[in-house]
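Chemist: After the structure tokens below, expect a handful of questions from me.
Laboratory data are not the source of any read-out in this text; all were calculated from the coordinates shown. Remember, predicted model here, so these are calculated numbers, not experimental data. Glycine also receives a Cβ, built like all others from the backbone with ideal geometry; neighbour counts cover every protein chain displayed.
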Ligand code: FES
């Protein structure tokens, strides 16, 4: 079982638990979690799945790839050099069993 916590600026949270591996973007879209658009479907072409990863998980993620790096320059909300990632590039349920992310106020 993998668990993803989506946190919002107003202090609210949404928790999604999954039995099968999925990206943090896909899990959000399938569960109707607000604030994660995922316009390109996870092809690293839109940056509408931007999240700020909780400090406790940043070092547990794979390095930012070239395509992700390029799209992180296009986020609607300001990029955080240490914490910004594209949630379509973070997979839970395959080595990483939980993660907490802050959802930006805007994706577009
Ligand atoms: Fe488009 Fe992540 S869904 S870059």
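Chemist: For the range 21-34, what are the residues that are more than 9 Å from the ligand (Cβ to nearest atom) and either at negative phi or in contact with a strand residue (DSSP E or B) (Cβ under 7 Å, 6 or more places away or on another chain) (or both)?
Modeler: At the first step, the residues of the range 21-34 found to be more than 9 Å from the ligand (Cβ to nearest atom) are 21-22, 24, 27-28, 30-34.
If the condition is that a residue be more than 9 Å from the ligand (Cβ to nearest atom) and either at negative phi or in contact with a strand residue (DSSP E or B) (Cβ under 7 Å, 6 or more places away or on another chain) (or both), then 21, 22, 24, 27, 28, 30, 31, 33, 34 are the ones that fit.
Chemist: Across the range 43-59, what is the total count of residues that are touching a strand residue (DSSP E or B) at 6+ places or on another chain (Cβ under 6 Å) and either closer than 14 Å to residue 74 by Cα or assigned to a loop (DSSP other than H, G, I, E, B) (or both)? Step through it out loud before you land on a result.
Modeler: Of all residues in the range 43-59, those touching a strand residue (DSSP E or B) at 6+ places or on another chain (Cβ under 6 Å) come to 49, 51-54, 57.
Checking the rest, the ones that are also either closer than 14 Å to residue 74 by Cα or assigned to a loop (DSSP other than H, G, I, E, B) (or both) come to 49, 51, 54.
Adding up the residues that qualify gives 3.
Chemist: Another question, then. Could you pull out the residue among 62, 104 that is away from the ligand (no atom under 12 Å from the Cβ), surrounded by fewer than 15 Cβ atoms within 10 Å (Cβ to Cβ) and either on the phi < 0 side of the Ramachandran plot or not in a loop (DSSP other than H, G, I, E, B) (or both)?
Modeler: Criteria check complete, one pass: 62.
Chemist: Could you check residue 34 against (1) outside any helix (DSSP H, G or I); (2) crowded, with 16+ Cβ neighbours inside 10 Å; (3) within 13 Å of the chain's Cα centre (by Cα) and say which number it fails?
Modeler: (2)
Chemist: Can you say whether residue 5 is assigned to a loop (DSSP other than H, G, I, E, B), touching a residue at least 60 places away in the same chain (Cβ under 8 Å) and within 13 Å of the chain's Cα centre (by Cα), as far as the supplied structure shows?
Modeler: Numbers: assigned to a loop (DSSP other than H, G, I, E, B): no; touching a residue at least 60 places away in the same chain (Cβ under 8 Å): yes; within 13 Å of the chain's Cα centre (by Cα): yes.
Here the answer is no, as residue 5 does not meet what is asked.
Chemist: What is the number of the single condition among (1) away from the ligand (no atom under 16 Å from the Cβ); (2) out of contact with any helix residue (DSSP H, G or I) (no Cβ under 8 Å at 6 or more places or on another chain); (3) touching a residue at least 12 places away in the same chain (Cβ under 8 Å) that residue 12 does not meet?
Modeler: Answer for residue 12: the failing condition is (3).
For (1) surrounded by fewer than 12 Cβ atoms within 10 Å (Cβ to Cβ); (2) without any contact (Cβ under 8 Å) to a residue 12 or more places away in the chain; (3) within 23 Å of residue 2 (Cα to Cα), each residue gets a yes or a no:
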site	(1), (2), (3)
46	no, no, no
53	no, no, yes
56	yes, no, yes
67	no, no, no
71	no, no, no
80	no, no, no
86	no, no, yes
89	no, no, yes
